[in-house]
Amino acid sequence: IIHKGPRNDKYSVLLPTYNERENLPLIVWLLVKYFGESGYNYEIIVIDDGSPDGTLEIAEQLQKIYGEDKILLRPREKKLGLGTAYIHGIKHATGNFIFIMDADLSHHPKFIPEFIEKQKEGNYDLVSGTRYQGNGGVYGWDLRRKLISRGANFLTQVLLRPGASDLTGSFRLYKKKVLESLVERCVSKGYVFQMEMIVRARQLNYTIGEVPISFVDRVYGESKLGGNEIVSFVKGLLTLFATT
Amino acid sequence: MTKLLEWLFGVSFVLVAWAVVSFDLLDLSLPQTYREVAWPMPLYLLVSFGCYSLATVGYRVATFNDCEEAAKELQEQIKEAKEDLRKKGLKM
């Protein structure tokens, strides 16, 4: 069943990119496909951080193909981080809802109608994609990776009791005002930034809905989780534990 | 109150209750059995929590969904997308 929302709901998709020349056309094609089929009003905002591989040039081609009202380019000079990318994107978003997701095809746009319907179901302030509940899951992770992921998530649940099953996920739908108020309060980086967003949302009594998603890790290669990332995750978790 | 403070309060409360019962700090003259049961409680709770954690994480790793279908679907859609974009004039 496809529910068409009231005519004045518009969904802005923020796509921060860095060296996504290969993936950008594909993610845009999928977004256009699923938004088109669903009938919801949307725009895609590409925030490229000065990618040396020509991502912006590909984005310009996509803009010609799909139209400047559907593909907005708001590039930046260099890699400046996710939080500021969101702030930058929000400034130019004309939608009243904002999707954030990865541009590397690990998040699949086919879940977008589910996010939207979930949001409408409970008028949630934010809807979080979860890999850990329902038929959510991951493709391409070995045992070590799964163990680290579940172990880290368990530790996070025990320490923070966040009321959401997947804290480090970055496939989410926010009401625009909610995203604005959260981003300006969050100070962490990387994985921890996404965790902090949820924790702050709880502090501010925002309501959180969840949608199980499949996460396909790295179509074109392997992503590794090294010692450094684990250490910075634990540091970030402990900081959130002590300060929120 | 931060989560850290909540934990500190909670743990302090449990430890104080345990000390009061185990060492009879308030001269309550509780039956010997209370003291015998209370005494090993902190260690027992820690070990139980450790086992619970291992079991829970182990279970969750074992039942972690492998999205084979999703990966296949994505590969097919990538082919479809490349073809369609080529037709629309995209030069990769």
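Only the coordinates and a few stated rules stand behind these numbers; no lab work does. Just so it is clear, the model here is predicted, and its values are computed rather than measured. With ideal geometry, Cβ positions are generated from the backbone for all residues, glycine too; neighbour counts draw on all protein chains shown.
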Please identify the helices of chain A, taking whole runs of DSSP H, that span at least 15 Å along their own axis as judged from the Cα atoms and have a mean Kyte-Doolittle score of -0.5 or higher.
A:23-38, A:55-66, A:82-92, A:143-160, A:190-203, A:227-243
Principal axis extents for the stretch A:120-241, Cα atoms only, whole Å, descending order, please.
37, 31, 27
Once you mark the trypsin sites (Lys or Arg not before Pro) that are in a DSSP loop and have at most 10 other Cβ atoms within 10 Å, what is the longest gap between them in chain A?
A:79-223
Bin by bin, in steps of 10 Å, what percent of the Cα pairs in chain B do you find, going until the bin that has the longest distance?
13, 20, 18, 12, 10, 10, 8, 6, 2
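Just in the stretch A:144-210: which GluC sites (Glu not before Pro) are loop by DSSP and have at most 15 other Cβ atoms within 10 Å? Spell out each step's value before the answer.
Numbers: sites: A:Glu180, A:Glu184, A:Glu196, A:Glu210; in loops: A:Glu184.
Sites meeting the loop and neighbour criteria: A:Glu184.
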Each label sits 7 Å from Cα toward the beta-carbon; between A:Val234 and A:Lys189 the label points are separated, in nm, by 1.9
Binned at 20 Å from 0, what are the whole-percent values of the Cα-Cα distance distribution for the protein assembly as shown, short to long?
27, 52, 15, 5, 0
Given the candidates B:Leu45, B:Leu74, B:Ser29, the one whose Cα lies deepest towards the positive end of the charge dipole of the stretch B:3-87, counting +1 at each Lys or Arg C-beta and -1 at each Asp or Glu C-beta, is B:Leu74
Among all helices in chain B defined by DSSP H, which have a length of 27 Å or more along the axis from Cα atoms plus a Kyte-Doolittle mean of at least 1.0?
B:3-22, B:41-62
Mean per-residue count of partner chain Cβ within 10 Å for B:66-78 equals 6
Which value, in debye to the nearest 20, describes the size of the charge dipole of the protein assembly as shown about its Cα centre when Lys and Arg Cβ atoms bear +1, Asp and Glu Cβ atoms bear -1, and nothing else is charged?
480
Can you give the helix-only mean residue ellipticity at 222 nm for the protein assembly as shown, where every DSSP H stretch with n ≥ 4 adds -39500 (n - 2.57) and the sum goes over all residues, rounded to the nearest 500 deg cm²/dmol?
-17000 deg cm²/dmol
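Given a Förster radius of 35 Å and the C-beta distance between A:Asn205 and A:Glu114 as r, what FRET efficiency does 1/(1 + (r/R0)^6) yield to the nearest 0.05? Please report the intermediate quantities before stating the final value.
Numbers: r = 25 Å, r/R0 = 0.70.
The calculated FRET efficiency here is 0.90.
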Amide H to amide H under 5 Å from A:Asn41: which residues, 5+ apart in sequence or cross-chain, H placed 1.01 Å off N in plane?
A:Tyr11
Projected onto the charge dipole of the protein assembly as shown (unit charges on the beta-carbon of Lys, Arg, Asp and Glu, signs +1, +1, -1, -1), the Cα from A:Gly129, A:Asn96, A:Pro109 with the largest positive-side position is that of A:Asn96
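For the stretch B:2-79, which chymotrypsin sites (Phe, Trp or Tyr not before Pro) are both in a DSSP coil and crowded by at most 13 other Cβ atoms within 10 Å?
Values: sites: B:Trp7, B:Phe9, B:Phe13, B:Trp18, B:Phe23, B:Tyr34, B:Tyr44, B:Phe49, B:Tyr52, B:Tyr59, B:Phe64; in loops: B:Phe23, B:Phe64.
Answer by residue number: B:Phe23.
Return the average number of partner chain Cβ atoms within 10 angstrom of each residue Cβ along peptide B:56-65.
Numbers: counts 4, 9, 3, 1, 8, 8, 3, 2, 12, 12.
Mean number of neighbouring Cβ atoms from other chains: 6.
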Using the Cα centre of chain A as origin and beta-carbon charges of +1 (Lys, Arg) and -1 (Asp, Glu), tell me which of A:Ile71, A:Thr239, A:Leu143 is placed farthest towards the positive end of the dipole.
A:Thr239
